[in-house]
Amino acid sequence: HMLLAGGKRFPLEKTTIVRSNSGHLLINGKLLKESSVVVDPGSVNLRLSIDNGHVEKPSRSWVVRGDVVITAKGSQLLVVNRIDLEKYVAGVVGSEISSEWHEEVLKVQAVAARTYVLHKKLSSEQLLYDVVASTQDQVYTGSKQVNGLVTNAVNSTRGQVITYEGRPIFAAYSSTAAGPTEDALNVWEKDLPYLKGVDCPFDEESPRYTWKTAIPFNSFEQSLRNEGLTLGAMATLAPYTYTRAGRVNEVRILHSQGELIVRGQDLRRILGYSKIRSTQFHIESIGREVVFIGKGAGHAVGLCQWGAKEMAELGYQYQLILQYYYPGTDLLPYKHVVMVPKPSP
């Protein structure tokens, strides 16, 4: 059934198309006076597809359980899946790593995903949702990637949370560190005692351990200008400062109007996270293209997924793997976790 805010119900058709029309909902072409609607699929799975109408932004789809709240905001829709914590965690585990990996690494990912969303819940009380379903938070595809192995990993760690001083930690994780993990201070300017960086000699099997990217010189310049940075004709660029773990902290660009210093993390965002996979890179050549050669994938703070996979295969249990990547933390059952924000000093 589809439930309206006004208390009226009408049945869901097999295919229901929802659009936003200046703050009002248009459902299968019928304009409603309500701006928000709750879709209650009951006990069946609901296939949800979002078509942005952009060629460069392909449509995304989820198979979800639980209510879906759709709210019209101007010409856009806010779509929120309200779901039980453990079902959400299962939807993240199989989306973030392969559901065929070792059972101990599936448990590691389950505990990290559960902790991440609870930490986010503490810090996003003002929002209409807790997390987004992409790499901006953690990838969630509903029940599409959930199999028996994922379900077992979630059930066997049910309610377990990584804590520091009793609260859920900022459980950052990324694909491949390819070297020591990074201090959160260098990436997000967050000084957290459990995200200081550890050696990670375990992830050499990762397909993203090394990478190479060529970016056309003109589009490189244009991307920086689109960001509002002042840039004349670019002459040269090179890593300028490094983090303690050996990643590029800043890049120095010499151009016809002077010099420009850009943080390595910002360069990844500006040029595209899928192109500059990490800040562990050097510039091989500059000509018609700027050629980057690098190691690793992701911000490399906290847990390294490929490192955890290898540790699991070496026989480490999930509790020890979590303790390794998040030193000084405690694993607590949810009922003992403090779910109120830390008072400001």
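The values are calculated or read from the model by the stated rules, or taken from the named source; none is laboratory data. For clarity, every value in this text was computed on a predicted model and none was experimentally measured. Positions of Cβ are generated from backbone atoms using ideal geometry, with glycine treated the same way; all protein chains shown enter the neighbour counts. Ligands, DNA and RNA are excluded from the accessible area calculation, which covers all protein heavy atoms including side chains. Shrake-Rupley method; radii C 1.70, N 1.55, O 1.52, S 1.80 Å.
Assorted remarks:
- Residue match in the stretch 236-243 (condition: exposed (fewer than 13 other Cβ atoms within 10 Å of the Cβ) and assigned to a loop (DSSP other than H, G, I, E, B)): no
- Lone qualifier among SER278, SER285 - being under 23 Å from TYR242 (Cα atoms) and in a loop (DSSP other than H, G, I, E, B): SER278
- Note on the stretch 292-330: residues that are within 22 Å of the chain's Cα centre (by Cα) and part of a strand (DSSP E or B) total 6.
- Residue in the stretch 131-151 that is modelled with the highest pLDDT, counting only those that are open to solvent by less than 50 Å² (accessible area, probe 1.4 Å) and closer than 15 Å to ALA112 by Cα: VAL150
- Whichever residue in the stretch 115-159 is touching a helix residue (DSSP H, G or I) at 6+ places or on another chain (Cβ under 7 Å), outside any loop (DSSP other than H, G, I, E, B) and small (Gly, Ala, Ser) and, among such residues, is nearest to ASP67 (Cα to Cα): GLY142
- Within the stretch 257-308, the residues that satisfy the criterion of being out of contact with any strand residue (DSSP E or B) (no Cβ under 7 Å at 6 or more places or on another chain), without any contact (Cβ under 8 Å) to a residue 60 or more places away in the chain and farther than 16 Å from SER206 by Cβ are GLN257, GLY258, ASP266, ARG268, ARG269, ILE270, GLY272.
- Contact map, the stretch 88-108: residues that are under 13 Å from GLU310 (Cα atoms) and open to solvent by 30 Å² or more (accessible area, probe 1.4 Å) paired with residues that are among the hydrophobic types (A, V, I, L, M, F, W, C) and part of a helix (DSSP H, G or I), Cβ distance under 8 Å, separation 6+ or inter-chain. Pairs shown: TRP101/ALA312; HIS102/ALA312; GLU103/LEU149; GLU103/ALA153; GLU103/ALA312.
- Qualifying residue in the stretch 197-206 (condition: part of a helix (DSSP H, G or I), touching a helix residue (DSSP H, G or I) at 6+ places or on another chain (Cβ under 9 Å) and not hydrophobic (A, V, I, L, M, F, W, C)): no
- Check on SER59, touching a helix residue (DSSP H, G or I) at 6+ places or on another chain (Cβ under 9 Å) and hydroxyl-bearing (Ser, Thr, Tyr): no
- Residue that is surrounded by the most Cβ atoms within 10 Å (Cβ to Cβ) [pool: residues in the stretch 1-35 that are touching a His at 6+ places or on another chain (Cβ under 7 Å) and aliphatic (A, V, I, L, M)]: LEU32
- Any hit, the stretch 252-268, residues being assigned to a strand (DSSP E or B), among the polar types (S, T, N, Q) and either surrounded by fewer than 16 Cβ atoms within 10 Å (Cβ to Cβ) or at pLDDT below 95 (or both): no
- Among the residues making up the stretch 207-257, those that are basic (Lys, Arg) and out of contact with any Leu (no Cβ under 6 Å at 6 or more places or on another chain) are ARG208, LYS212, ARG244, ARG247, ARG252.
- Pairing residues of the stretch 62-75 that are closer than 18 Å to LEU128 by Cα and of a type in the set (D, E, K, R) with residues that are assigned to a strand (DSSP E or B) and open to solvent by less than 30 Å² (accessible area, probe 1.4 Å), at Cβ distances under 9 Å and at least 6 apart in sequence or on separate chains, gives ASP67/VAL39; ASP67/VAL80; LYS73/SER20.
- Yes/no for TYR273 being within 19 Å of the chain's Cα centre (by Cα) and surrounded by fewer than 17 Cβ atoms within 10 Å (Cβ to Cβ): yes
- In summary, ASP191 fulfils each of the numbered conditions (1) buried (at least 19 other Cβ atoms within 10 Å of the Cβ); (2) without any contact (Cβ under 8 Å) to a residue 24 or more places away in the chain with the single exception of condition (1).
- Cβ-Cβ contacts under 9 Å between residues 6 or more apart (or on different chains), taken from a first residue in the stretch 216-233 that is open to solvent by 60 Å² or more (accessible area, probe 1.4 Å) to a second residue that is assigned to a helix (DSSP H, G or I) and of a type in the set (Val, Ile, Thr), are listed as ASN226/ILE270; GLU227/ILE270.
- VAL248 meets each of the listed conditions (1) surrounded by 15 or more Cβ atoms within 10 Å (Cβ to Cβ); (2) within 22 Å of ALA171 (Cβ to Cβ) apart from (2).
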